[in-house]
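Worksheet: one structure, shown below.
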Amino acid sequence: MSEQEQKAPQNTNQIIAERRAKLATLRETGAAFPNDFRRNHLASDLHKKYGDQSNDTLEKDPISVEVAGRMILKRVMGKASFATIQDMSGHIQLYISNDITGESAHAAFKHFDLGDILGVHGTLFITKSGELTIRVKSLRLLTKSLRPLPEKFHGLTDQEQKYRQRYLDLISNEDTRKVFLTRSRIIQSIRAFFEERGYLEVETPMMHPIPGGAAARPFITHHNALNMDFYLRIAPELYLKRLVVSGMEKVFEINRSFRNEGISTRHNPEFTMLEFYEAYQDHIYLMNLTETLIRELAIKVLGTTEISYQGYKINLSNPFLRLSITQAIQKFHPEHTDAQLNDRAYLIKKLEALNISYKPEDGIGKLQLSLFDETTEHLLMDPTFIVDYPSDVSPLARRNDKNPGVTDRFELYITGREMANGFSELNDPEDQAARFQEQVRAKESGDKEAMHYDGDYIRALEHGLPPTAGEGIGIDRLIMLLTDSPSIRDVILFPHLRRED
RNA sequence: GGGUCGUUAGCUCAGCUGGUAGAGCAACGGACUCUUAAUCCGAAGGUCGGGAGUUCGAUCCUCCCACGACCCA
């Protein structure tokens, strides 16, 4: 006993010390962490099934139930008590009294703490104020909680603690639980959407010998047995297109990708993306499919296409706008004429005035894109496809037949944020090899985000990639939109933070 | 990397040109058999994020550091 006390971590905190003492007593009297209790109902199921019944009906033919959960509220009134327990489905109230539960069991209950996990057996009734409640016949402490819960009314509000101790945030904040429930439903609905359309869900490597599929800096790791470095994937794109070569003509992957870049309200080092590829389709088809997908998700998950993001109202049933880069600039900055936006000297002058860096070798399209990124992107609140991206910033996209300086590519913007990026795939192996070479040159002259030359991918293209359309959608950002969350950290269960010390 | 703001009891928050800290919840003792964030009474709980400086004296002013939030690159 004294030995056990010495081994226990020293805790000066009074509350934890008191709870440890209660646990020590439990250990002396039997199994302190039993696992022989079985529940047969969830709280919300009971409310759905019996919540509307009259007390007379419930009392006449008593319904016996076993439920379990964490005690989150407790009201002791001498010879009788009320408590609320919470399980994965919701809450239910308990009524414990000397009459029914027995004096000693009630006395024991009085020493249970908020946060303790209880197993309860009893019958249902309706209180005078109309709440479905379990009249407890017996109850057990299944797991002793040694640490106090956050304040019961306000819950946990400290942002840092919400992220670091997400379990506490989830215990005490209904809104947080709702966000992650919605997240789960969105991902299920995406899966159903593509499965209904005959797509095959696949899993491709997360460890890449050559990082590819996006312009981004990768994380590097090492495989000991092979004695080689691997890169955590920045995108699954090149593997998915290898699969289209293989004959899997419609594939999708809900993938975790990793980018070794800054952290912000829109960026987490690891994030979830949806990528999908379909042979014998083009980027126009993708835009239509994307509109349908986002609309269907909203209806399935929220029950409406009328959403509000941080106070801005968006009706997703309106057709999504489709604008070229210069049309988008002019929409918000009509002072620029067509002639000016196609004049190198004018664009450079404007970029310099805005203190935006550019390279002397940048083509007209890239200069336009730089101006767009700085002045217009963040203003695209309503869903807008930006089309006709310059070839030199789209090394994996098919060139436009009429204008080879641009590609058959689009990005989708909603609430000023990039949500999706899709294009008709570049399936000409010789053009792809030349574009990789260009990327290698850019990398050599210091562009850390430029792509590597992927010889095996070229070899795959040489076997023949059918004409294909492919797209990536940022799932975290889509979830932010549909849950009205201001930060990507609010939709990721365990966002990355600096080490606490 | 730069700027702004924040860090006080387990949690939610107060704290007045600078005089070494308060409330509510939780927890502890007591009263209470239909409560709903139960109520009432009592007692307890603090290295004011860390460090240095100014001062007779610092939660408060200055500087550095840590962590976080937001904005910018």
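The values are calculated or read from the model by the stated rules, or taken from the named source; none is laboratory data. Bear in mind that the values here come from a model prediction, so they are computed numbers and not experimental data. Positions of Cβ are backbone-derived with ideal geometry, glycine not excepted, and every protein chain shown enters the neighbour counts. Each accessible area value is taken on the protein alone, full model and side chains, heavy atoms only, with ligands, DNA and RNA left out. Shrake-Rupley method; radii C 1.70, N 1.55, O 1.52, S 1.80 Å.
Just to check your reading of the model, which residue among A:Glu500, A:Glu471 is away from RNA strand B (no atom under 16 Å from the Cβ) and either modelled with pLDDT under 95 or acidic (Asp, Glu) (or both)? Write out each step before concluding.
Details: A:Glu500 fails: away from RNA strand B (no atom under 16 Å from the Cβ).
Being away from RNA strand B (no atom under 16 Å from the Cβ) and either modelled with pLDDT under 95 or acidic (Asp, Glu) (or both) holds for just one of A:Glu500, A:Glu471, which is A:Glu471.
For the range A:429-452, how many residues are free of Cβ contacts under 8 Å to residues at least 24 places away in the same chain and not in a helix (DSSP H, G or I)? Can you show your working first?
Start the filter on the range A:429-452 by keeping residues that are free of Cβ contacts under 8 Å to residues at least 24 places away in the same chain, which leaves A:430, A:434, A:437, A:440-447.
Subset that is not in a helix (DSSP H, G or I): A:445-447.
Residues in the range A:429-452 being free of Cβ contacts under 8 Å to residues at least 24 places away in the same chain and not in a helix (DSSP H, G or I): 3 in total.
How about the range A:157-206: which of its residues are part of a loop (DSSP other than H, G, I, E, B) and free of Cβ contacts under 8 Å to residues at least 60 places away in the same chain? Give the steps one after another, and end with the answer.
In the first step, residues of the range A:157-206 are kept if they are part of a loop (DSSP other than H, G, I, E, B); the result is A:157-158, A:165, A:173, A:197-199, A:202-206.
Matches in the range A:157-206: A:Thr157, A:Asp158, A:Gln165, A:Asn173, A:Arg197, A:Gly198, A:Val202, A:Glu203, A:Thr204, A:Pro205, A:Met206.
Working only within the range A:32-86, note down all residues that are of a type in the set (A, V, I, L, M), more than 24 Å from A:Glu103 (Cα to Cα) and away from RNA strand B (no atom under 16 Å from the Cβ).
Narrowing the range A:32-86 to residues of a type in the set (A, V, I, L, M): A:32, A:42-43, A:46, A:58, A:63, A:65, A:67-68, A:71-73, A:76-77, A:80, A:83, A:85.
From the residues that got through so far, the ones that are more than 24 Å from A:Glu103 (Cα to Cα) too are A:42-43, A:46, A:58.
Matches in the range A:32-86: A:Leu42 only.
Any idea which of A:Lys152, A:Lys137 is near RNA strand B (Cβ under 6 Å from one of its atoms), open to solvent by 50 Å² or more (accessible area, probe 1.4 Å), out of contact with any Pro (no Cβ under 8 Å at 6 or more places or on another chain) and basic (Lys, Arg)? Before the answer, list the steps.
Numbers: A:Lys137 fails: near RNA strand B (Cβ under 6 Å from one of its atoms).
Unique residue meeting the criteria: A:Lys152.
Which members of the range A:34-85 meet the condition of being within 17 Å of A:His111 (Cα to Cα) and of a type in the set (Phe, Trp, Tyr)?
Correct list: A:Phe82 only.
Scan the range A:444-486 residue by residue and report those that are open to solvent by less than 10 Å² (accessible area, probe 1.4 Å), more than 30 Å from A:Glu174 (Cα to Cα) and polar (S, T, N, Q).
Result: A:Thr468, single match.
Given the criterion within 16 Å of RNA strand B (Cβ to nearest atom) and of a type outside the set (D, E, K, R), identify the matching residue among A:Ile356, A:Ile307, A:Ile325, A:Ile364. Give the steps one after another, and end with the answer.
On the way: A:Ile307 fails: within 16 Å of RNA strand B (Cβ to nearest atom); A:Ile325 fails: within 16 Å of RNA strand B (Cβ to nearest atom); A:Ile364 fails: within 16 Å of RNA strand B (Cβ to nearest atom).
Only one candidate qualifies: A:Ile356.
Looking at (1) among the polar types (S, T, N, Q); (2) surrounded by fewer than 17 Cβ atoms within 10 Å (Cβ to Cβ); (3) at pLDDT 90 or above; (4) not in a helix (DSSP H, G or I), find the lone condition where A:Ser81 falls short.
Here A:Ser81 meets the rest and fails (2).
Scanning for something over 30 Å from A:Ala216 (Cβ atoms) and of a type in the set (Gly, Ala, Ser), does the range A:274-293 turn up at least one residue? Steps first, answer last, please.
Taking the range A:274-293 first, the residues over 30 Å from A:Ala216 (Cβ atoms) are none.
No, because not a single residue in the range A:274-293 is over 30 Å from A:Ala216 (Cβ atoms) and of a type in the set (Gly, Ala, Ser).
Which pairs turn up if I take residues in the range A:355-368 that are farther than 16 Å from A:Thr326 by Cα and look for partners that are within 15 Å of RNA strand B (Cβ to nearest atom) and not in a loop (DSSP other than H, G, I, E, B) with beta carbon separation below 7 Å, at least 6 apart in sequence or on another chain?
Cβ pairs passing all conditions: A:Ile356/A:Ser370; A:Ile356/A:Glu374; A:Tyr358/A:Leu351; A:Tyr358/A:Ser370.
I'm trying to understand the selection: among the residues of the range A:156-165, which are within 20 Å of A:Gly69 (Cβ to Cβ) and surrounded by fewer than 18 Cβ atoms within 10 Å (Cβ to Cβ)? Show your work before the answer.
Restricting attention to the range A:156-165, the residues satisfying the condition of being within 20 Å of A:Gly69 (Cβ to Cβ) are A:156, A:165.
The one that is within 20 Å of A:Gly69 (Cβ to Cβ) and surrounded by fewer than 18 Cβ atoms within 10 Å (Cβ to Cβ): A:Gln165.
Can you report the number of residues in the range A:98-126 which are assigned to a helix (DSSP H, G or I), under 15 Å from A:Pro34 (Cβ atoms) and away from RNA strand B (no atom under 12 Å from the Cβ)?
Residues of the range A:98-126 assigned to a helix (DSSP H, G or I): A:103-110.
Subsequent filtering for residues that are under 15 Å from A:Pro34 (Cβ atoms) retains A:108.
Narrowing further to those that are away from RNA strand B (no atom under 12 Å from the Cβ): none.
Matching residues across the range A:98-126 total 0.
Take the conditions in contact with an Asp or Glu (Cβ under 7 Å, 6 or more places away or on another chain), among the hydroxyl-bearing types (Ser, Thr, Tyr) and either surrounded by fewer than 19 Cβ atoms within 10 Å (Cβ to Cβ) or in contact (Cβ under 8 Å) with a residue 24 or more places away in the chain (or both) and apply them to A:Ser145. Does it pass?
On the way: in contact with an Asp or Glu (Cβ under 7 Å, 6 or more places away or on another chain): yes; among the hydroxyl-bearing types (Ser, Thr, Tyr): yes; either surrounded by fewer than 19 Cβ atoms within 10 Å (Cβ to Cβ) or in contact (Cβ under 8 Å) with a residue 24 or more places away in the chain (or both): yes.
In short, yes.
Are any residues in the range A:31-72 assigned to a strand (DSSP E or B) and open to solvent by less than 50 Å² (accessible area, probe 1.4 Å), and if so, which ones?
Within the range A:31-72, the first condition is being assigned to a strand (DSSP E or B), and the residues that meet it are A:64-72.
A:Val65, A:Glu66, A:Val67, A:Ala68, A:Gly69, A:Met71, A:Ile72, listed by residue number.
Given the options A:Arg217, A:Arg183, name the one that is over 27 Å from A:Val301 (Cβ atoms) and basic (Lys, Arg). First the steps, then the outcome.
On the way: A:Arg183 fails: over 27 Å from A:Val301 (Cβ atoms).
Sole residue among the options that is over 27 Å from A:Val301 (Cβ atoms) and basic (Lys, Arg): A:Arg217.
Residues in the range A:363-413 that are of a type in the set (S, T, N, Q) and in a loop (DSSP other than H, G, I, E, B): how many?
Looking only at the range A:363-413, we keep the residues that are of a type in the set (S, T, N, Q), and these are A:368, A:370, A:375-376, A:384, A:391, A:394, A:400, A:403, A:407.
Right, trim to in a loop (DSSP other than H, G, I, E, B) and you get A:376, A:394, A:400, A:403.
Final tally of qualifying residues: 4.
Select from the range A:373-416 the residues that are surrounded by fewer than 21 Cβ atoms within 10 Å (Cβ to Cβ), within 16 Å of RNA strand B (Cβ to nearest atom) and among the polar types (S, T, N, Q) and list them in ascending order.
A:Thr375, A:Thr415
Within the range A:220-233, track down each residue that is open to solvent by less than 60 Å² (accessible area, probe 1.4 Å) and not in a strand (DSSP E or B).
A:Arg233
Hey, could you check the range A:474-497 for residues that are more than 16 Å from RNA strand B (Cβ to nearest atom) and part of a helix (DSSP H, G or I) and say which is nearest to A:Thr272 (Cα to Cα)? Give the steps one after another, and end with the answer.
Initial filter on the range A:474-497 (more than 16 Å from RNA strand B (Cβ to nearest atom)): A:474-475, A:478, A:482.
Add one more test, that the residue is part of a helix (DSSP H, G or I), and what stays is A:475, A:478, A:482.
Numbers: A:Ile475: 6, A:Leu478: 10, A:Leu482: 15 Å.
The extreme case among them is A:Ile475.
Can you say whether A:Glu352 is acidic (Asp, Glu), modelled with pLDDT under 90, in a helix (DSSP H, G or I) and farther than 30 Å from A:Leu478 by Cα, as far as the supplied structure shows? If you could, list the steps in order and put the result at the bottom.
Numbers: acidic (Asp, Glu): yes; modelled with pLDDT under 90: yes; in a helix (DSSP H, G or I): yes; farther than 30 Å from A:Leu478 by Cα: yes.
Answer is yes for this residue.
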